[in-house]
Amino acid sequence: MLNVLIVDDEPLALDVLETYIGQMPELHLVKRCSNALEANEALKSNSIDLMFLDIQMPQLTGIDFVKTLTKPPMIVFTTAYPNYAIQGFDLNALDYLLKPISLERFMKAVNKAMEQADLTHRENHPPAPAAEEMEFFFVKADKKLVKVNFEDIIYIEGLKDYVIIRLMLGRVITLQTMKSLEDRLPFGRFKRIHRSYIVAMDKITAIEGNMVEVLEKDKPKLLPIGKNYRDDLLELIDKNRL
């Protein structure tokens, strides 16, 4: 949702904008102002994402007002005079609406603002590296954080409130749920085959009936396949079947 400020010395123009804003759930009207001085105070005391700003106003025009701002919000100029368009865009205005403003044209400007806000958010908050991009994770065990490499995992076994991570060499026991651990594993490399078991797909040596075979300490180990997980497992297996 975008916090919006509308600035115009004409009450009717403010009424129109307020009506339009009320029809768009992605917008929240913070305040309506009749001049640049009121708008300046509103910007100081509120977090504003988008400002609809009239150009021709007494004391200070909208264009001159924007020039005074060090960190202006997104600006959409509103005016009855088309000759100000170039000046408006020189100030990096998001859009320029000519009065009388139609709802369709208003919505187009809002869509631009939503796209720009989304782009800015993604630039300022890049996503954390996905689990697939990492080759390990850490779990708390034995009063310390233990590093577990994905390639070392054979299978994971749930035991009440604990999970046992069976590794090529040894095991790690940690206090957490199977679901929380499953969500941290790279998709496609590991598969939940039972409410109590997650298996590393590359460690499966055979499938027979309702059992999956892996090697643990160089000895075959059979893990059960739950009926609620069988179809998904076989579908994944079929993709790598000759």
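Across segment 118-160, which residue is nearest to Val172 (Cα to Cα) among those that are at pLDDT 90 or above and small (Gly, Ala, Ser)? This residue is Ala141. Of the residues making up segment 183-242, just one is farther than 23 Å from Phe137 by Cβ, of a type in the set (Gly, Ala, Ser) and surrounded by 12 or more Cβ atoms within 10 Å (Cβ to Cβ), namely Gly226.
Close Cβ contacts (under 8 Å, 6 or more residues apart or on different chains) running from residues in segment 212-239 that are under 15 Å from Met201 (Cβ atoms) to residues that are among the β-branched types (Val, Ile, Thr) and loosely packed, with under 13 Cβ neighbours inside 10 Å comprise Glu213/Thr205; Val214/Thr205; Leu215/Thr205. Flag: Lys108 matches the condition of being at pLDDT 85 or above, of a type in the set (D, E, K, R), within 30 Å of Glu10 (Cα to Cα) and under 28 Å from the mean Cα position of the chain (by Cα).
Please verify whether segment 53-66 includes one or more residues that are in contact (Cβ under 8 Å) with a residue 24 or more places away in the chain, closer than 18 Å to Val110 by Cβ and either among the charged types (D, E, K, R) or not in a loop (DSSP other than H, G, I, E, B) (or both). Yes.
Evaluate the following for Leu17: is it part of a helix (DSSP H, G or I), aliphatic (A, V, I, L, M) and out of contact with any strand residue (DSSP E or B) (no Cβ under 7 Å at 6 or more places or on another chain)? No.
Candidates are the residues of segment 1-48 that are of a type in the set (Asp, Glu) and surrounded by fewer than 20 Cβ atoms within 10 Å (Cβ to Cβ); the one that is nearest to Met74 (Cα to Cα) is Glu26.
Which members of segment 1-46 meet the condition of being among the charged types (D, E, K, R) and free of Cβ contacts under 8 Å to residues at least 60 places away in the same chain?
Correct list: Asp9, Glu10, Asp15, Glu18, Lys31, Arg32, Glu38, Glu41, Lys44.
May I ask you to verify whether Ile154 is in the same structural domain as Asp232 (by TED's automatic domain parsing) and touching a residue at least 24 places away in the same chain (Cβ under 8 Å)? Here the answer is yes, as Ile154 does meet what is asked.
The values are calculated or read from the model by the stated rules, or taken from the named source; none is laboratory data. All values derive from a computational prediction rather than experimental measurement. So basically every Cβ, Gly included, is an ideal-geometry build from the backbone, and we count neighbours across all protein chains shown.
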